[in-house]
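Enquirer: Structure incoming, see below.
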Amino acid sequence: MMRFGGDTSANAHFQRSDMSIQRIQITPFSDQKPGTSGLRKKTEVFQTPHYLAAFVQSIWQGIGGISGKTLVLGGDGRFFNDTASQIVLRMAAASGAAKVIVGQNALLSTPAASNLIRKRGADGGIILSASHNPGGPKGDFGIKFNAANGGPANESITDAIFEASKTLDGYDILEAEDLDLSQIGETQLGGMIVDVVDPVADYAEMMQGLFDFDAIRSLFAGSFRLRFDAMHAITGPYATALLEETLGAAPGSVINGTPLPDFGNGHPDPNPIWAKTLVDEMMGPDAPDFGAASDGDGDRNMIMGCGIYVTPSDSLAALAANATLAPAYAEGLKGVARSMPTSCALDRVAETLGIECHETPTGWKFFGNLLDAGRATLCGEESAGTGSDHVREKDGLWAVLFWLNILAQRKISVADLMADHWARFGRNYYSRHDYEGIDAAAANALMDHLRAALTDLPGATAGGMTITAADEFAYDDPIDGSHTAKQGLRIFFENGARLVFRLSGTGTVGATLRVYMESVETTVLDADAQEMLKNVIAAAQELAQIEDRTGRTAPDVIT
Ligand code: G16
């Protein structure tokens with residue numbers, strides 16, 4: 001039986017374990033360069049005949065083959081997840097993998113997949129997700145490879161995958177019926193074992209080992225109320241099992257908890273724009289004590305308290321400052337790390353704690369070496385990602401449990417905890433303005449113009465502030481010595497303010513310009529961020545000529 005389109009006349013058949021392996025000849029695709037987090041495209045691009053399979057074969061080649069190897073496989077349940085997982089399984093079997101551990105119904109949150117790779121000693125894993133991007137036939141799909149440490153493949157691997165994709169002339173796939181992935185247990189596909197596992201069990205067990213569940217239970221035994229918005233995405237089953245069934249949050253505390261292929265037509269990105277219903281509830285009368293949301297694949301988080309939104313950068317800093325209240329981190333942190341555009345609030349905590357604070361390019365893959373080498377325990381990004389050395393991915397529900405553990409110990413509200421934090425460390429007012437789907441050429445021209453001006457900026461003024469330094473961020477990995485250039489344009493001001501420009505590496509339409517703004521305050525600690533940042537916002541317009549160059553008068557998303 002031929003399952004795929006295209007010219008099959010040149011395709012070869014050969015046998016392994018009584019099943020037929022087909023060699024499908026293709027013309028290479030030229031656009032399979034992985035971005036910030038794997039390959040993300042419109043779903044319909046992935047549905048183009050051979051497109052997904054070609055990338056999967058390029059992964060096999062880029063990692064030196066999969067013969068005899070064990071892989072983990074799962075995805076966030078978005079449209080095409082089921083079809084794609086069957087293709088990956090048949091291709092893994094055709095290329096000689098020994099075993100694939102797959103989440104039931106091909107579901108696994110990204111952090112749960114990272115955990116499974118590590119716990120089962122797998123050689124790596126395939127995660128099917130476009131994360132926070134919308135799903136469905138008209139939405140986005142994505143695929144990424146995680147290495148044996150459980151983390152996103154580093155750039156040398158993603159470069160090798162891309163190189164392979166450019167000359168790929170065919171792929172191998174087993175001719176077989178779809179497997180029933182709804183049944184937990186082992187089955188055989190050609191010569192390969194397929195082990196279908198409960199997607200939640202191992203993850204829930206790990207969380208139990210990290211946090212003080214008794215303390216969190218006593219919180220819920222009192223009057224403490226929680227609202228967790230799973231945004232119709234993968235964390236629903238994990239959150240219901242942990243927060244409601246294990247820890248005793250009231251039934252109904254988890255909303256939108258059933259994963260849907262199109263995320264209920266929503267945009268599963270936990271920020272004040274896309275999780276507006278939750279924000280309105282948390283800012284309204286009779287708000288719960290704690291609010292949180294997670295994204296499509298469960299690695300991002302948004303934290304709120306009654307009447308307060310905690311920025312991801314502040315959340316990271318607060319977790320670092322209070323980390324020893326959780327059993328897993330009771331001995332203290334070895335170090336911390338943040339992506340460059342993330343606010344410097346973490347740096348202030350690290351300085352007080354006397355620990356290393358690393359600044360990396362955007363992309364969780366850059367934390368892997370630091371975590372593996374024991375140079376960092378906690379990591380985080382402004383893009384709503386926080387995590388630790390428990391896995392090698394950011395972890396949305398972990399962040400929620402960490403916060404609950406801290407609140408249970410400190411017995412104060414989120415708002416009071418943040419007020420206390422800012423009084424101690426000062427406050428880094430922070431905001432990101434996104435201009436989405438702009439013309440790619442215009443976006444590149446804007447960046448080129450700014451890049452060319454960088455050397456002349458020190459001493460000049462913008463937004464009424466004097467510029468002290470300006471550069472293009474580059475990173476030298478302290479562990480493997482690799483050099484990563486062109487990671488964002490940084491402009492520093494004399495009052496400690498900072499402005500960063502970057503083009504997103506996760507969008508699928510045109511270009512997304514991200515403008516990251518920050519200012520430091522030690523006296524006015526309870527003001528509106530946009531108001532406090534108005535000079536920095538003005539400086540951004542002045543320096544980058546955003547309106548003139550993109551035609552946009554306002555950002556699409558402000559976080
Ligand atoms: C991915 C990466 C993150 C990165 C984010 C935004 O997150 O894993 O490290 O911060 O994209 O990247 P960009 O600014 O290039 O769009 P996720 O949750 O989408 O996998």
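Enquirer: Using only the Cα atoms of segment 13-196, what do you get for the radius of gyration and for Dmax, in Å?
Expert: Values for segment 13-196 (Cα only, Rg and Dmax): 14.8, 41 Å.
Enquirer: Further question: Quick one: how many Å² of TYR430 are accessible to a 1.4 Å probe, rounded to 10?
Expert: 20
Enquirer: So, one more: Contour minus end-to-end for ASP195 and THR466, with contour as 0.36 nm per residue of separation and end-to-end as the Cα-Cα distance?
Expert: Extending this stretch completely gives an extra 91.5 nm.
Enquirer: Take CYS379, CYS306, CYS344 and sort them by solvent-accessible surface of the protein heavy atoms, 1.4 Å probe, largest at the top.
Expert: Greatest to least solvent exposure: CYS306, CYS344, CYS379.
Enquirer: Work out how far the C-alpha atoms of segment 57-141 reach from end to end along every principal axis, then list the three figures in whole Å, largest first.
Expert: In descending order, the Cα extents are 36, 25, 22 Å.
Enquirer: Let me ask something additional. Note down the accessible area of ASP420, probe 1.4 Å, to the nearest 10 Å².
Expert: Roll a 1.4 Å probe over it and ASP420 shows about 70 Å².
Enquirer: For segment 13-196, which whole-number percentage of the solvent-accessible area (1.4 Å probe, protein heavy atoms only) is attributable to carbon and sulfur atoms?
Expert: 49
Enquirer: Another question, then. Just to be sure I understand: if I project the alpha-carbon convex hull of segment 446-521 onto a plane and average over all orientations, what area do I get in nm²?
Expert: Values: hull surface 27.1 nm².
Its Cα hull, projected and averaged over all orientations, spans 6.8 nm².
Enquirer: Next question, about the same structure. By accessible area of protein heavy atoms, probe 1.4 Å, what ranking do GLU331, GLU547, GLU359 get, highest first?
Expert: Numbers: GLU331 180, GLU547 95, GLU359 55 Å².
Ranked from most to least accessible, the order is GLU331, GLU547, GLU359.
Enquirer: With a 1.4 Å probe and all protein chains in place, put HIS449, HIS421 in order of accessible area, largest first.
Expert: Putting HIS449, HIS421 in descending order of accessible area: HIS449, HIS421.
Enquirer: Here's something else I'd like to know. Within the accessible area of segment 428-558, what % is carbon and sulfur when the probe is 1.4 Å and the other protein chains stay in place?
Expert: Taking all protein chains in place, segment 428-558 shows 48 percent carbon and sulfur surface.
Enquirer: Turning to a different aspect of this structure: If you take the Cα atoms of segment 239-306, find Rg, then find the Kirkwood Rh from the mean of 1/r over all pairs, what is Rg/Rh?
Expert: Rg divided by Rh gives 0.95.
Enquirer: Could you calculate the contour length gain from ASP548 to ILE273, that is, 0.36 nm times the residue separation minus the distance between their Cα atoms, to one decimal place in nm?
Expert: Full extension from ASP548 to ILE273 adds 96.5 nm.
Enquirer: To check you understand DSSP bridge types, tell me what percent of the beta bridges within the chain (both residues inside) are antiparallel, rounded to 5.
Expert: Numbers: 70 of 99 bridges.
Around 70 percent of the beta bridges assigned by DSSP in the chain are antiparallel ones.
Enquirer: On the principal axes of its Cα set, how long, how wide and how thick is segment 109-150? Give whole Å, largest value first.
Expert: Computed over segment 109-150, the largest-to-smallest principal extents equal 37, 14, 11 Å.
Enquirer: Kirkwood Rh, segment 268-357, all Cα pairs: how many Å?
Expert: With all distinct Cα pairs of segment 268-357 included, I get 14.4 Å.
Enquirer: If you average the sequence gap of Cα pairs under 8 Å that are 6 or more apart and divide by the length of segment 428-558, what percent do you get for the contact order? Working shown, then result.
Expert: Values: 241 pairs, mean separation 48.3, N = 131.
Rounded, it is 37 percent for segment 428-558.
Enquirer: Averaging sequence separations of C-alpha pairs under 8 Å and six or more residues apart, then dividing by the length of segment 13-196, give the relative contact order as a whole percent. Intermediate values should be presented prior to the final figure.
Expert: On the way: 390 pairs, mean separation 64.9, N = 184.
Relative contact order of segment 13-196: 35 percent.
Enquirer: Taking Cα centroids, how far is segment 444-475 from segment 257-321 in Å?
Expert: 34
Enquirer: So how long is each side of segment 428-558 along the principal axes, counting just the alpha-carbon atoms, biggest first, in Å?
Expert: Sorted largest first, the three principal extents are 40, 39, 28 Å.
Enquirer: Another question, if that's okay. Counting only protein heavy atoms and a 1.4 Å probe, tell me what percentage of segment 203-425's accessible area is made up of carbon and sulfur.
Expert: Answer for segment 203-425: carbon and sulfur cover 49 percent of the accessible area.
Enquirer: Divide by every residue of the chain the summed helix terms, -39500 (n - 2.57) for each DSSP H run of at least 4, and state the resulting mean residue ellipticity at 222 nm, rounded to the nearest 500 deg cm²/dmol.
Expert: Result for the chain, helices only: -9000 deg cm²/dmol.
Enquirer: Pull up the DSSP beta bridges for segment 301-456 and report the antiparallel fraction as a percent, rounded to 5.
Expert: Percentage antiparallel, nearest 5: 45.
Enquirer: Let me ask another. Any idea what log10 I(q)/I(0) is at q = 0.17 Å⁻¹ for segment 207-320, Debye with uniform C-alpha scatterers and no solvent?
Expert: Reported log10 I(q)/I(0), two decimals: -0.83.
Enquirer: So what's the projected area for segment 503-559, the Cα convex hull averaged over all directions, in nm²?
Expert: Numbers: hull surface 19.4 nm².
Over all viewing directions, segment 503-559 projects a mean Cα-hull area of 4.9 nm².
Enquirer: With the Cα gyration tensor of the chain in hand, give its eigenvalues times 5 under a square root as the equivalent ellipsoid semi-axes, listed largest first in whole angstrom.
Expert: Values: eigenvalues 296, 170, 83 Å².
Result for the chain: semi-axes of 38, 29, 20 Å.
Enquirer: Can you tell me the accessible area per residue over the chain, all protein chains present, probe 1.4 angstrom, in square angstrom?
Expert: 36
Enquirer: Between THR83 and GLN409, 0.36 nm times their residue separation minus their Cα-Cα distance comes to what?
Expert: Values: separation 326, 0.36 × 326 = 117.36 nm, distance 4.54 nm.
The span from THR83 to GLN409 would gain 112.8 nm if fully extended.
Enquirer: Something else about it: For segment 383-484, what's the relative contact order in percent, using C-alpha pairs closer than 8 Å and at least 6 residues apart?
Expert: Value for segment 383-484: 10 percent.
Enquirer: On average over all directions, what projected area in square nanometres does segment 203-425 have, based on the convex hull of its Cα atoms? If you can, show how the numbers build up before the last one.
Expert: On the way: hull surface 44.3 nm².
The number I arrive at for segment 203-425 is 11.1 nm².
Enquirer: Quick one: how many Å² of ASP314 are accessible to a 1.4 Å probe, rounded to 10?
Expert: The value for ASP314 is about 10 Å².
Enquirer: What whole-number distance in Å separates the alpha-carbon centres of segment 395-435 and segment 336-353?
Expert: That distance is 14 Å.
Enquirer: Where the centre of each part is set by its Cα atoms, how far does segment 148-188 sit from segment 23-72, in angstrom?
Expert: 7
The values are calculated or read from the model by the stated rules, or taken from the named source; none is laboratory data. All figures in this text were calculated on a predicted structure; none of them were measured in a lab. Protein only, heavy atoms only, side chains kept; ligands, DNA and RNA dropped before computing areas. Shrake-Rupley method; radii C 1.70, N 1.55, O 1.52, S 1.80 Å.
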